[in-house]
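Note sheet for the following structure.
We did not get these values from a lab; they are worked out from the coordinates using the rules stated. Here the structure is a predicted model, which means the values were calculated and not measured. Neighbour counts are summed over all protein chains in view; Cβ atoms, including those assigned to glycine, are modelled from backbone coordinates with ideal geometry.
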Amino acid sequence: MGKFKTRMGDGFMIEMSEAEIRQDLEDGTKDAAERANVDPLSQDDLDFLFDIFASPYRIVGVEPGNECCLSYDSMNTKIQRAQIATSQLQSIQIMERALGADSLELAHIDYSYKPVKPIVTFEKPVMEQAQLLTIPPLLYGAMPNMGLYSQPDGPCPNPADLIPKGKLAEAIESYEAAIEYAVDDMVYVGSEMYESGADGINFDTTGAAGDAEFFATLTAIKKLKKKFPDMAIQMGMAAEFVLGMHGSIEFEGTRLAGLYPHQQLKLAESVGVSVFGPAVNIVTNMTLPWNMARSCTWTKAASDVSSIPIHACLGMGVGGVPLNLTPPIDALSRASKAHVEICNLDGL
Amino acid sequence: MGMHAAHALVSGMGGMRTAGDLVARMQYSKKMRKDEAKKYVADKLGISLEELVDPVTMNELREDLDIGRINEAPGVAKGIDAKFRIAKLLDLKINSVEIFKEKIEKGF
């Protein structure tokens with residue numbers, strides 16, 4: 001049999017034989033299963049993945065009946081960042097009316113809760129107007145981005161400077177101080193935007209700064225749900241593995257460092273998250289078959305045990321999509337179909 | 001941005017072209033997983049699961065129910081007015097609708 005065209009994790013084109021693809025699929029799922037102590041993909045799933053990669057068509061799609069709901073991170077800014085001269089409101093309407101969005105999200109161009117706090121009074125009327133003009137569920141979103149609370153950008157001593165000097169206790173103390181600032185900002189912005197009509201709040205790229213950031217986000221969500229029980233919450237993760245930058249922090253008895261998606265999900269459920277988004281980072285120097293099997297293994301493990309909708313993160317460099325600013329349609333459509341159908345996803 | 005268009009074609013429900021926004025509402029409001037949310041919406045609309053993602057059926061039905069549709073027409077609901085009807089149709093509380101009601105009631 002001839003070679004099949006596919007790509008590396010960075011998007012560059014390669015050719016692989018059937019045996020090579022099958023081997024990478026097996027290696028990818030084995031790697032994921034061993035790391036997270038979850039089941040590997042079944043042989044049927046691996047065969048299904050092989051068929052997707054062997055398809056000669058440029059674009060593949062899900063079977064009728066398997067369609068899912070789409071949600072977004074930093075929705076309107078994608079249009080603004082493409083240098084299209086539109087307002088936030090116009091950008092949301094383009095997504096609603098022209099790009100088949102099942103849900104909407106309003107976002108500030110500096111997509112983190114900390115910078116939104118001082119300008120929230122300017123974001124609120126946009127949300128109010130957007131709620132008058134649009135129909136699908138409309139969330140407000142930003143990233144917890146706890147790195148912004150470290151010097152020189154923020155008030156806390158920088159743990160990345162302290163740790164190499166062996167000042168571990170000071171680094172831990174700094175993370176714990178940053179948690180308080182981050183929680184205050186997330187609760188403040190979330191409350192303001194909900195009171196302006198948002199259907200819910202999206203916490204995107206959660207845990208990017210590690211376990212302390214995950215703790216801050218869970219705490220903020222718990223506070224928001226206590227204040228507004230009907231508020232919808234979406235939580236999208238930053239990575240498949242919660243980095244132990246603090247190392248010992250626990251949320252209600254569960255140590256956060258080292259949690260994989262199926263374990264992250266359980267904490268998200270416990271604080272009242274409505275929609276959870278596992279994120280699996282691409283390894284750029286491995287093939288897409290290897291990356292796809294790995295990502296599907298972790299995402300499926302979370303979806304299988306979830307009581308809430310799962311919208312996996314499938315953007316540039318996550319969920320089997322190459323880490324490239326212009327993801328190719330052949331790679332993206334394969335990642336989309338594979339995750340939705342193997343992992344029985346509720347959305348992306 | 002091209003990614004969003006691609007996902008919409010490959011896996012998406014279709015948003016307001018179909019009933020994608022309504023199914024998404026059930027996911028966010030009631031934490032329903034996909035199959036339950038689709039069935040709930042299809043039952044409320046009195047259509048099949050297949051029709052739920054059919055833009056031809058849904059365009060007609062959305063116009064009949066006046067819950068907003070992609071192609072504009074005079075007098076068709078375009079925003080909050082559609083959400084008032086969606087809240088009733090799906091037996092949901094929608095935050096912006098509740099806030100709108102409060103504002104109106106305060107003024108009269």
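Points worth noting:
- ³J(HN,Hα) computed for each position of segment A:83-93 - Karplus, 6.51 cos²θ - 1.76 cosθ + 1.60, integer Hz, glycine/proline x: 6, 8, 7, 10, 7, 4, 5, 5, 5, 5, 5
- For segment A:24-95 versus segment A:182-231, the gap between their alpha-carbon centres in whole angstrom: 26 Å
- Alpha carbon centroid spacing (whole Å) that separates segment A:115-175 from segment A:255-325: 22 Å
- Listed by chain and number, the aspartates and glutamates placed with their C-alpha closer than 18 angstrom to that of A:Lys78 are A:Glu96, A:Asp102, A:Glu105, A:Asp110, A:Glu123, A:Asp204; residues fewer than eight positions away on the same chain are left out.
- What the Cβ-Cβ distance of A:Ser248 and B:Asn59 gives, at R0 = 41 Å and to the nearest 0.05, is a FRET efficiency of 0.15.
- In straight-distance terms, cross-link reach from A:Lys225 covers every one of the aspartates and glutamates whose alpha-carbon lies under 16 Å from its own, apart from those fewer than eight places away in the same chain; here that gives A:Asp184, A:Asp185, A:Glu192, A:Glu195, A:Asp199, A:Glu269.
- Counting only other chain Cβ atoms within 10 Å of each residue's Cβ, the peptide A:58-68 averages 4.
- Each residue in B:Glu60, B:Glu72, A:Glu213 was given a count of other beta-carbon atoms within 10 angstrom of its own, and listing them fewest first yields B:Glu72, B:Glu60, A:Glu213.
- Within chain A, antiparallel bridges make up roughly 30 percent of the DSSP beta bridges whose residues both belong there.
- Calculated [222 nm] ellipticity per residue, helices only, for the protein assembly as shown: -15500 deg cm²/dmol; basis is -39500 (n - 2.57) per DSSP H run with n ≥ 4, divided by all residues, nearest 500.
- Shape of segment A:272-344, Cα gyration tensor, a/c cut at 1.5: prolate
- All lysines inside 25 Å of A:Lys300 as judged from Cα atoms, apart from same-chain residues fewer than 8 positions distant: A:Lys30, A:Lys266, A:Lys337, B:Lys30, B:Lys31, B:Lys34, B:Lys38, B:Lys39
- Debye, to nearest 20: dipole size of chain B, +1 on Lys, Arg Cβ, -1 on Asp, Glu Cβ: 500 debye
- Cα gyration tensor shape of chain B, rounded if a/c is under 1.5, else prolate or oblate by comparing a/b with b/c: prolate
- Most mobile listed residue (A:Gly277, A:Gly315, A:Gly65) in chain A, GNM with C-alpha springs under 10 Å: A:Gly65
- For segment A:155-243, the share of alpha carbon pairs falling in successive 5 Å distance bins from zero is 3, 14, 22, 21, 16, 11, 7, 4, 2, 0 percent.
- Within a Gaussian network of chain A (alpha carbon springs, distance under 10 Å), most fluctuating of A:Ser303, A:Ser87, A:Ser295: A:Ser87
- Global form of chain A, assessed from the alpha-carbon gyration tensor, a/c cut-off 1.5: oblate
- Relative contact order for segment A:4-342, counting Cα pairs under 8 Å that sit 6 or more residues apart, in percent: 22 percent
- Among B:15-24, A:216-225, A:176-185, sorting by the average number of other beta carbon atoms lying within 10 angstrom of each residue, highest first, gives B:15-24, A:216-225, A:176-185.
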